[in-house]
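The values are calculated or read from the model by the stated rules, or taken from the named source; none is laboratory data. Values in this document were obtained by computation on a predicted structure and should not be read as measured data. All Cβ positions, glycine included, derive from the backbone under ideal geometry; neighbour counts span all protein chains shown.
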Amino acid sequence: MFKCKTSAEVGGMGHSVKRKEDARFLHGKGNYVDDVKLPGMLTMVMVRSPYAYAKIKSINKEKALAIPGVLAVITGYDLAEYNLHWMPTLLSDTQMVLPTDTVMHQSQEVCAVIATDRYIAVDGAEAVEVDYEPMQAIVDPFKALDKDAPLLRPDKEGQKDNHIYHWERGDRAKTDDVISKADIVVKERIYLPRIHVASIETCGCVASYDKDTQKMLVYMTSQAPHAIRTILALVAGHVGLSEEKIRVISPDIGGGFGGKVPVYPGYVVAIAASFLIGKPVKWIEDRSENLVNGFARDYHMDCELAATKEGKIQAFKVKTLADHGYTDSSANPSKYPTGMFSICTGSYDYADAFAELDAVYTNKAPGGVAYRCSFRVTEAVHAIERMVDKLAAEINKDPALLRMENFIKKDQFPYASPLGWSYDSGDYELTLQKALDMVGYDEIKKEQAEKRKQGKLMGIGISTFTEVVGAGPSKDFDILGIAMFDSAEIRVHPTGKVLARFGTKSQGQGHETTYAQILAEELGIPYSHIEIDEGDTDTAPYGLGTYASRSTPTAGAAAAIAARKLRDKGKKIAAHLLEVSEEDIEWEVGKYFVKGAPEKSKTIQDVAFAAYTNFPQGMEPGFEETHYYDPPNLTFPNGAYICVVEVEKETGQIDVKRFVAIDDCGNIINPMIVEGQVHGGLTQGIAPAMYEGIEYDDEGNVLNGTFMDYLVPTAVESPHWETGHTITPSPHHPLGAKGVAESPTVGAPPAIANAIIDALKPLGIKHLDIPITPAKVWEAIQAHSK
Amino acid sequence: MKHKITLKINGESVTAEVDSRLLLVHFIRENLDLTGTHIGCDTSNCGACTILLDGKSVKSCTYLAVRADGSEITTIEGITAEGTNHPMQQAFHDQHGLHCGFCTPGMIMRSIDLLENNPNPTEEEIRWGISGNLCRCTGYNNIVKSVQQAAEELQKESV
Ligand code: FES
Ligand code: FES
């Protein structure tokens, strides 16, 4: 267990201090992008394609421009004059900003209307006349690979079919060999559906270009403002937007979850519009625009798991088809086109694995965002956790026992996984045992046996996952070549109060509190005296932003190390004040004292004051430090989740009775915030497991593109979550912390799927893809009771 | 077509000329600059825009500004004096009932109305009571706890 080193007043690590950022949100004083109002601001609204695949024969702006208040209609042709109609994606593919001849998915931006107010802009958008020539869309990713499938991206040099790339990792021959000789091989095609982050705030920006100063100010819903600024400078440098003249501010963000990492065409058009017109331009997506643009997951995974007849896992193989829509805009590091998917071997100890993936183009929206997930970890975890359960069912072994017997043991860390990761730490048996105890596993098993005798459908599902988060290390991880380190800059004012700035950007994670706690821990200055600032590229140190659970692993570590540098400087000052040599000075939370004479001491506040008023001759004045942290490894949070469900045979209705989540995210900065993050992630785990999935018809029309039919769980669908934790510190992180917010999104779906499928086991049902809806269950029950 | 409307908002009387099609939420946010009321959808599902209209919680994106003529409106900015917390705000803070804060004003307005009608709700009643408001961040556990804390506080106050 973690023991707090600081008092509650100082509020260092381990204290559940209440959040410092709450006040403005509670009083309606948050400053989200749609709240930004600048003098003379115009509004931009997009005209979007009703077709999934069509030639644009003409765009007639006249009627729109005739509406009083409509100032401009911007098309791809207008942007082409500045060579701004295409842009690179984060994975070095290309994406249209606005089309000149073809639209590639339904709801793609066709042109933009700029007007003096939102209502007039919408009128304008409706008055634009676009003549389309629809073509047969490719919706099914498997058919996209057919020999006679039309070529979707003839614009790309050398592109001969709709295949984007092949990726593989591991030893195919050896894995095949082990599988061919194994007693038991379980196989399944598992689909992880296309879903959307659906943060309650959509995406948007306010771009404001000043023609006199040539400065471009952009307020933007961005999880990575620095990276965005650099990308803007690279993409629009040729028209005169130079990096020092661009200021990107991420104001308060109403949930990000990975959906606010990419550069969307709307941002670029708003920036271009402001650049051309010289006035501020606001663009805010509607919910319906938001839901049908961008996506996460969409992996079709053919899995094979080999084991001895006793259930000792021997090998895992997975072949995936990834539907990327019309361009690969996945938000992945460039050396990792499939993200961290190779974590798919899971929490189990075996030597052989092979994973391969082919990515294809279809007529769907691009995206591939890392939705509350460190780049494709959710897909990986779902594959292995479903397969392990399938194996347990196949050999009729308790899935908890099977997992216990196959776990990587705690003395095997650091553990070299078959696909090349070095897991830092964990105690998987302890974590699962804690979950089993908390749920009362034996009792629940008995209850299940009873219920089954009565013909009732009750299921228990387990998931024991390992995550991989916190990118860098910079040698391996980047965004468009920019290395994934992160930063902290600490300024201690003369009176001992602090302003600290970071390269990350909170979207609800509570950075203003947790970073203050890290500094409180390291400096002994009360967290309430520490202000945290993020998101403004003019003031924050360069960093790669917040996603992939990287803030604590990278910027949190940077804060700790910058604080330690300050402490070293403070030691010299303390020695000077106490008139002893530096070697005679010792540190304990908040103060320096003379070795052997603790009554002779100086507080950190005394030292801060002296840094500006009475510092040793020759010392650089001031009390500030900055650190850029490049992690030596990723961190590997893990957990054990258990879900208990009952299914009504007659209706397919699923009732989640219990859900126990034990997480191990290493040392904990703020238990209250960690628990809150886990709750939220769990609801985002039940969402795809039971409710969400973007559906298309054969023409490529999105069938559920509003909150009316894309079912985000409410408080009624969301069960009462039961949470707990084990603590295995990360050995390489300065605070022993690992990052937590994504574990539940990653770990929950297989636990829920496993529980429902377990409930249906007596009927002979062996697998269902998520979302497992009552309708799907009902159909499966019908099919199996014939 | 423009209409003249007069209404009371957070205790202050306001008169304005508005288009017939102007939504109340836009009137509040853009004409009156009260940006604490948010917009999260276009189908009346998310509740981010919830306000109190004549004491009842209303999704202001589903209401025309002209229809609010003569009414009394309270937004998140008006539930308590500046610098103080309404028991519901205090409870959301104490129970960590918010993450990004985007749904929070709507949640708070809805929850105030909920307790107005049912001062001592069960967990189930709270969950159903706020089911017109979506939160993507918190998983609702702590929102439920917040409403429970506020219920206790408000009941203490009323005795
Ligand atoms: S904005 Fe979503 S219900 Fe009003
Ligand atoms: S706190 Fe973010 S949507 Fe509720």
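Let's see how each residue does on (1) closer than 25 Å to residue A:378 by Cβ; (2) away from ligand 2 (no atom under 16 Å from the Cβ); (3) in the same structural domain as residue A:121 (by TED's automatic domain parsing); (4) crowded, with 24+ Cβ neighbours inside 10 Å:
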| position | (1), (2), (3), (4) |
| --- | --- |
| A:267 | no, yes, yes, yes |
| A:296 | yes, yes, no, yes |
| A:299 | yes, yes, no, yes |
| A:303 | yes, yes, no, no |
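Among the residues of the range A:527-544, just one is out of contact with any strand residue (DSSP E or B) (no Cβ under 8 Å at 6 or more places or on another chain) and crowded, with 22+ Cβ neighbours inside 10 Å, namely A:527.
Each row is one residue, and each column tells you yes or no for (1) away from chain B (no Cβ under 14 Å); (2) buried (at least 21 other Cβ atoms within 10 Å of the Cβ).
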position	(1), (2)
A:17	no, yes
A:26	no, yes
A:30	no, yes
A:42	no, yes
A:49	yes, yes
A:57	yes, no
A:64	yes, yes
A:90	yes, yes
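Against the numbered list (1) in contact (Cβ under 8 Å) with a residue 40 or more places away in the chain; (2) farther than 23 Å from residue A:204 by Cβ; (3) away from every other protein chain (no Cβ under 12 Å), residue B:74 comes up short only at (3).
Condition check for residue A:697 on (1) within 14 Å of another protein chain (Cβ to nearest Cβ); (2) of a type in the set (D, E, K, R); (3) surrounded by fewer than 24 Cβ atoms within 10 Å (Cβ to Cβ); (4) closer than 29 Å to residue A:298 by Cβ: one failure, at (1).
With a requirement of 1 or more residues that are within 16 Å of ligand 2 (Cβ to nearest atom), the strands (runs of 3 or more DSSP E) lying completely within the range B:1-100 that satisfy it span B:50-53, B:56-59.
Could you tell me whether residue B:18 is more than 14 Å from chain A (Cβ to nearest Cβ) and of a type in the set (A, V, I, L, M)? Spelling it out, it is not the case that residue B:18 is more than 14 Å from chain A (Cβ to nearest Cβ) and of a type in the set (A, V, I, L, M). If you take the residues in the range A:648-691 that are over 30 Å from residue A:448 (Cβ atoms) and within 13 Å of another protein chain (Cβ to nearest Cβ), which one is surrounded by the most Cβ atoms within 10 Å (Cβ to Cβ)? The extreme case among them is A:677. Look at residue A:749 and say whether it is modelled with pLDDT of 95 or more, crowded, with 24+ Cβ neighbours inside 10 Å, of a type outside the set (Gly, Ala, Ser) and touching a helix residue (DSSP H, G or I) at 6+ places or on another chain (Cβ under 7 Å). Answer is yes for this residue. What do you reckon, is residue A:38 of a type outside the set (Gly, Ala, Ser) and under 26 Å from the mean Cα position of the chain (by Cα)? It is false that residue A:38 is of a type outside the set (Gly, Ala, Ser) and under 26 Å from the mean Cα position of the chain (by Cα). Only residues that are more than 21 Å from the chain's Cα centre (by Cα), more than 16 Å from ligand 1 (Cβ to nearest atom) and in a loop (DSSP other than H, G, I, E, B) were counted across the range A:688-720, and they come to 12. Restricting to the range B:117-136, name every residue that is within 16 Å of ligand 1 (Cβ to nearest atom) and either part of a loop (DSSP other than H, G, I, E, B) or touching a residue at least 24 places away in the same chain (Cβ under 8 Å) (or both). Answer for the range B:117-136, where residues must be within 16 Å of ligand 1 (Cβ to nearest atom) and either part of a loop (DSSP other than H, G, I, E, B) or touching a residue at least 24 places away in the same chain (Cβ under 8 Å) (or both): B:130, B:131, B:132, B:133, B:134, B:135, B:136.
Restricting attention to the range A:116-135, the residues being within 16 Å of residue A:280 (Cβ to Cβ) and more than 14 Å from chain B (Cβ to nearest Cβ) number 0.
Only residues that are near ligand 1 (Cβ under 6 Å from one of its atoms) and closer than 19 Å to residue B:17 by Cα were counted across the range B:31-63, and they come to 1. Of the residues making up the range A:432-471, just one is under 30 Å from residue A:543 (Cβ atoms) and either of a type in the set (Ser, Thr, Tyr) or free of Cβ contacts under 8 Å to residues at least 60 places away in the same chain (or both), namely A:466. With respect to the conditions (1) within 15 Å of ligand 2 (Cβ to nearest atom); (2) in contact with a helix residue (DSSP H, G or I) (Cβ under 8 Å, 6 or more places away or on another chain); (3) in contact (Cβ under 8 Å) with a residue 60 or more places away in the chain, residue B:144 lacks only one, and its number is (3). Residues that are within 16 Å of ligand 2 (Cβ to nearest atom) and surrounded by fewer than 24 Cβ atoms within 10 Å (Cβ to Cβ) within the range A:492-512 comprise just one, A:512. Restricting to the range B:89-116, and then to whatever is more than 9 Å from chain A (Cβ to nearest Cβ) and of a type in the set (A, V, I, L, M), can you tell me which residue is farthest from ligand 1 (Cβ to nearest atom)? It comes out as B:91. Checked against the criterion of being of a type in the set (A, V, I, L, M) and under 24 Å from residue A:702 (Cβ atoms), the candidates A:114, A:138 yield just one match: A:138.
Assess whether residue B:84 counts as being under 15 Å from the mean Cα position of the chain (by Cα), modelled with pLDDT of 95 or more, more than 16 Å from ligand 1 (Cβ to nearest atom) and within 11 Å of chain A (Cβ to nearest Cβ). Answer is no for this residue. Restricting the first member to the range A:141-152 and to residues that are part of a helix (DSSP H, G or I), and the second to residues that are among the charged types (D, E, K, R) and crowded, with 18+ Cβ neighbours inside 10 Å, the beta-carbon pairs closer than 9 Å and six or more apart or on different chains are A:144/A:323.
Once the range B:21-58 is narrowed to residues that are among the polar types (S, T, N, Q) and surrounded by 21 or more Cβ atoms within 10 Å (Cβ to Cβ), the residue that is farthest from the other protein chains (Cβ to nearest Cβ) is B:57.
Close contacts from the range B:101-115, counting a first residue that is polar (S, T, N, Q) and a second that is in a helix (DSSP H, G or I), with Cβ to Cβ under 6 Å and a gap of 6+ residues or different chains, come to B:104/A:25; B:111/B:88; B:111/B:147.
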